[in-house]
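Single-structure report; data block below.
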Amino acid sequence: MDVVALIPARYGSTRFPGKPLARKTGKYLIQHVYEQVSAARRIQRCIVATDDERIAAAVRSFGGEVVLTRADHPSGTDRIAEAVRGLPGHDEDVILNVQGDEPEIDPRYLDRLVKRLANEQTCPVATLACPFPADRDPRDANAVKVVMNCRREALYFSRSLIPYPRDGTGSLAPGVWLLHLGVYAYRRRFLLELTTWPVGALEQIEKLEQLRVLERGYALAVEVVERAFGGIDTPGDYEEFVVRWEARSAGA
């Protein structure tokens, strides 16, 4: 079983155009992500999938591997599926989908995700979640929640507050809400099949593509890790990352 990490990256982000090429740290943002992913011990190969030659050139400049894809993909999952179709491999190979704006992702979490999928007999896909950070509000619709069964498989993902505390939140223990972290591990065969299915009703309503898996009746394993990692959605997020990176570099 080979493990290949694909990092989808596009230039035209609505809130932060050109995000992968931000370079205030001396490294491209996409380079930070690439290096973190490549540090995972269970990953044999790391590839950026992009539709933009400027991003491709940046990846080549730091010695990374890149694949050019079409520009009309509706999601990063569709983009990596195109890249995977062009790669040699086997049905049971593991394909990691790591967003191109996660420069602080912990490589150990990726190793845990790969191990979890490898140990699952009934789940063709696995993802990460963590207890809600103290500075995040579970009621925020931009923070996706997941609830699990006793086998640590997803029951549902939602932008709404789930589980909903009918009697109030006063007596609830910390960690009752789980924040979904948008990293996935797929078996290769399943990924290629998944991207041929039409969008389901639940996915259309919530705008969450992982609901396509549940709506089709497949099990989705959830690996719960200790903490979230700071994704970059806006220029403000990037500035905060630069401050953290400079502080770590100064203390090294």
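The values are calculated or read from the model by the stated rules, or taken from the named source; none is laboratory data. These numbers were taken from a predicted model, which means no experiment stands behind them. Ideal geometry is used to build each Cβ from the backbone, glycine not excepted, and the neighbour counts take in all protein chains shown.
Remarks
- Failed condition for residue 151, given (1) more than 18 Å from the chain's Cα centre (by Cα); (2) surrounded by 18 or more Cβ atoms within 10 Å (Cβ to Cβ): (2)
- Within region 232-245, not a single residue is outside any loop (DSSP other than H, G, I, E, B), more than 30 Å from residue 27 (Cβ to Cβ) and modelled with pLDDT of 95 or more.
- Residue check, residue 191 at pLDDT 95 or above, buried (at least 21 other Cβ atoms within 10 Å of the Cβ) and not acidic (Asp, Glu): yes
- Considering only residues in region 121-148 that are aliphatic (A, V, I, L, M) and part of a strand (DSSP E or B), the one that is nearest to the chain's Cα centre (by Cα) turns out to be 128.
- Listed by first and then second residue, the pairs linking a residue in region 51-63 that is touching a residue at least 24 places away in the same chain (Cβ under 8 Å) and surrounded by 18 or more Cβ atoms within 10 Å (Cβ to Cβ) to a residue that is in a helix (DSSP H, G or I) and aromatic (Phe, Trp, Tyr), with Cβ atoms under 9 Å apart and 6 or more places separating them unless they lie on different chains, are 59/34.
- One residue from 201, 134, 143, 126 being exposed (fewer than 13 other Cβ atoms within 10 Å of the Cβ), under 17 Å from residue 226 (Cα atoms) and not polar (S, T, N, Q): 134
- With respect to the conditions (1) modelled with pLDDT under 95; (2) of a type in the set (A, V, I, L, M); (3) crowded, with 21+ Cβ neighbours inside 10 Å, residue 71 lacks only one, and its number is (3).
- Per the listing 183, 176, 213, the residue uniquely out of contact with any His (no Cβ under 6 Å at 6 or more places or on another chain), among the hydrophobic types (A, V, I, L, M, F, W, C) and either farther than 18 Å from residue 78 by Cα or part of a loop (DSSP other than H, G, I, E, B) (or both) is 176.
- Test: residue in region 86-98 that is closer than 25 Å to residue 241 by Cα, out of contact with any Ser or Thr (no Cβ under 6 Å at 6 or more places or on another chain), modelled with pLDDT under 95 and not hydroxyl-bearing (Ser, Thr, Tyr): no
- Across region 109-120, not a single residue is classified as out of contact with any Leu (no Cβ under 9 Å at 6 or more places or on another chain), without any contact (Cβ under 8 Å) to a residue 40 or more places away in the chain, surrounded by fewer than 18 Cβ atoms within 10 Å (Cβ to Cβ) and among the aliphatic types (A, V, I, L, M).
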